[in-house]
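Step one of this worksheet: look at the structure below.
The values are calculated or read from the model by the stated rules, or taken from the named source; none is laboratory data. Since we're looking at a predicted model, the values are computed, not measured. In this analysis, Cβ positions are derived from the backbone assuming ideal geometry, glycine residues included, and neighbour counts consider all displayed protein chains.
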Protein chains: 2
Amino acid sequence: MTPAPHDLSRLCIHTATTKPWGIEEAARRYGGSGVKGITVWRTAYADRTPAAAGALIRDHGLSIVSLCRGGFFPAGSAEERSRAIDENRRCIDEAAELGAPLVVLVCGSLPGQPLSESRRQIAEGVAAVLAHAAAARVRLAIEPLHPMYAGDRSAVNTVGQARAICNQLRSPWLGIALDVYHTWWDDSLEEEIRACGREGTLFAFHISDWRTPTVDILEDRGLMGEGCIPIRQIRGWVEAAGFRGFNEVEIFSRRLWASDQARYLEDIKAAYLAHA
Amino acid sequence: MTPAPHDLSRLCIHTATTKPWGIEEAARRYGGSGVKGITVWRTAYADRTPAAAGALIRDHGLSIVSLCRGGFFPAGSAEERSRAIDENRRCIDEAAELGAPLVVLVCGSLPGQPLSESRRQIAEGVAAVLAHAAAARVRLAIEPLHPMYAGDRSAVNTVGQARAICNQLRSPWLGIALDVYHTWWDDSLEEEIRACGREGTLFAFHISDWRTPTVDILEDRGLMGEGCIPIRQIRGWVEAAGFRGFNEVEIFSRRLWASDQARYLEDIKAAYLAHA
């Protein structure tokens, strides 16, 4: 049995979790309440330069864990795919300016195109930006998305598929972001996490919970403990595989965004200690 | 490339697809428009006996393909699991009275209970009703449900998991209902269908489409051609595996239920010929 987290020292929050807060308020509130890490939604620094947003965040004592998100490589024409590659290079540059060591990739999927072809285009797109990532010293993490997003958000829907791309491109700058929300249902998850550990590709770990019923396919995630995901067990697998990074709370929820965000932040901390 | 269906001779419609119609109207309309098969939602014959509903349906020249649905075996206590088993025996009896040769099983999942334990309880439940099914000459088909239903509707989320239960219990009365909506994302689907063919367990084939975006997790399926599922390709795999049964249209859609059902029936026939 995996023990509860000792403290908040490995707690990271994704800014989208507290979407009503701007980056300044998020950084101040997180930092002031003992949260140690932050992941930045690429749109969150809107009116600041990435460098200014990074300085602001660090002033509040927070580690920047990652920039979300690059990806969306599949497209119907070579020209569009090339534009997506350019956009990913810009995203990597922003991560470097921000001071984020990692870019999370939501890889994309073109509706109606065979998923295997979309995965081929994803591998091709990642390959095209890897040298840029290495030069910027920014790591890339393929995030397998739940199969309910296979149609339009990611053709990479299992850790096994993400590993296949990592093994094809094999680079110290390429790994996997494992999110319990997307992967908890997979009966090969423990084995796949072990394989990621062996291959050195476990770059990020995201937590939230699966509510029953789930009323919205995008924005109805639960706070840890509100749902049925065995989060602590999965964290145990991830740590047994050697992961020592942050446990990152990433909750998209209209219900929770509508609540008092200061109280919600306290609830996140309590839920983290009780269920992560 | 799999050719289009020659005609409507293998078209079956699930009554839930045209939910606004009662069983009498559904049977009359389907039969009158050249549809050959019908699957009956267990609630659809409401004010009739199953035998009377069966006679009514056959009067319209329709083959009864299956009764939907049994299942929901996992539960927190032995007593509840025993009640679920009794309920499945009643469902099998109803299928026999109706004249349906098959009961589709939505196997169930207890939120918060490990999925592996729910699958164990599912296998136990199916095992407990198999003799009853054989005596009634009603086949049972485990329907793997999309992973987005793992929390509360079915812990069987891949064809591989359904096959594992079939191989464990091995009975000519137990097989699999393959629904493209639930399984299209699976990169082992072709191989799994081939294995079902070898093992003689491909009992039913359901079609609909996956819309992007999907706005409701339960009731936003698409008509064939409205989404991104390679339906014809999957039908090709299913037929290559030896399946010669009906292609069954099962669409839960509030949007389509709100439309004119007579016109919708014509759309289903056209979509079937164009995309199935």
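I need a count of the residues in the range B:93-122 that are within 14 Å of chain A (Cβ to nearest Cβ) and among the small types (Gly, Ala, Ser).
5
When residues of the range A:171-200 are filtered for being among the hydroxyl-bearing types (Ser, Thr, Tyr) and either crowded, with 24+ Cβ neighbours inside 10 Å or without any contact (Cβ under 8 Å) to a residue 24 or more places away in the chain (or both), how many remain?
1
I'd like the full set of residues that are assigned to a loop (DSSP other than H, G, I, E, B), out of contact with any helix residue (DSSP H, G or I) (no Cβ under 7 Å at 6 or more places or on another chain) and farther than 20 Å from A:ALA95 by Cα, limited to the range A:1-33.
A:MET1, A:PRO3, A:HIS6, A:ASP7, A:SER9, A:ARG10
Given the structure, is B:TYR272 in a helix (DSSP H, G or I) and crowded, with 22+ Cβ neighbours inside 10 Å?
The answer is yes for B:TYR272.
Give me a count of the residues in the range A:205-255 that are within 14 Å of chain B (Cβ to nearest Cβ), closer than 16 Å to A:ALA4 by Cα and either assigned to a helix (DSSP H, G or I) or free of Cβ contacts under 8 Å to residues at least 12 places away in the same chain (or both).
So the count comes out to 6.
Looking only at the range B:31-53, how many residues end up being within 18 Å of the chain's Cα centre (by Cα) and surrounded by 16 or more Cβ atoms within 10 Å (Cβ to Cβ)?
Of the residues in the range B:31-53, 10 are within 18 Å of the chain's Cα centre (by Cα) and surrounded by 16 or more Cβ atoms within 10 Å (Cβ to Cβ).
Starting from the range B:106-135, take each residue that is in contact (Cβ under 8 Å) with a residue 12 or more places away in the chain and list its partners that are of a type in the set (Asp, Glu) and crowded, with 23+ Cβ neighbours inside 10 Å, counting only C-beta distances under 9 angstrom and pairs at least six apart or across chains.
B:VAL106/B:GLU143; B:CYS107/B:GLU143
Look through B:ILE57, B:ILE64, B:ILE23 and report the one residue that is of a type in the set (A, V, I, L, M) and buried (at least 24 other Cβ atoms within 10 Å of the Cβ).
Testing whether each residue is of a type in the set (A, V, I, L, M) and buried (at least 24 other Cβ atoms within 10 Å of the Cβ) leaves just B:ILE57.
Considering B:ALA135, B:ALA150, B:ALA177, which residue is modelled with pLDDT of 95 or more and within 14 Å of the chain's Cα centre (by Cα)?
Among B:ALA135, B:ALA150, B:ALA177, only B:ALA177 is modelled with pLDDT of 95 or more and within 14 Å of the chain's Cα centre (by Cα).
Pick from the range B:83-122 the residues that are among the aliphatic types (A, V, I, L, M) and over 16 Å from the mean Cα position of the chain (by Cα): which of them is surrounded by the fewest Cβ atoms within 10 Å (Cβ to Cβ)?
Going through the qualifying residues, I end up with B:ILE85.
Within the range A:111-118, can one find any residue that is touching a helix residue (DSSP H, G or I) at 6+ places or on another chain (Cβ under 7 Å) and at pLDDT 95 or above?
no
Return the residue satisfying two criteria in turn: it lies in the range B:141-174 and is of a type in the set (Gly, Ala, Ser) and within 10 Å of chain A (Cβ to nearest Cβ), and of such residues it is farthest from B:ASN88 (Cα to Cα).
Filtering the range B:141-174 for residues that are of a type in the set (Gly, Ala, Ser) and within 10 Å of chain A (Cβ to nearest Cβ), the one farthest from B:ASN88 (Cα to Cα) comes out as B:GLY160.
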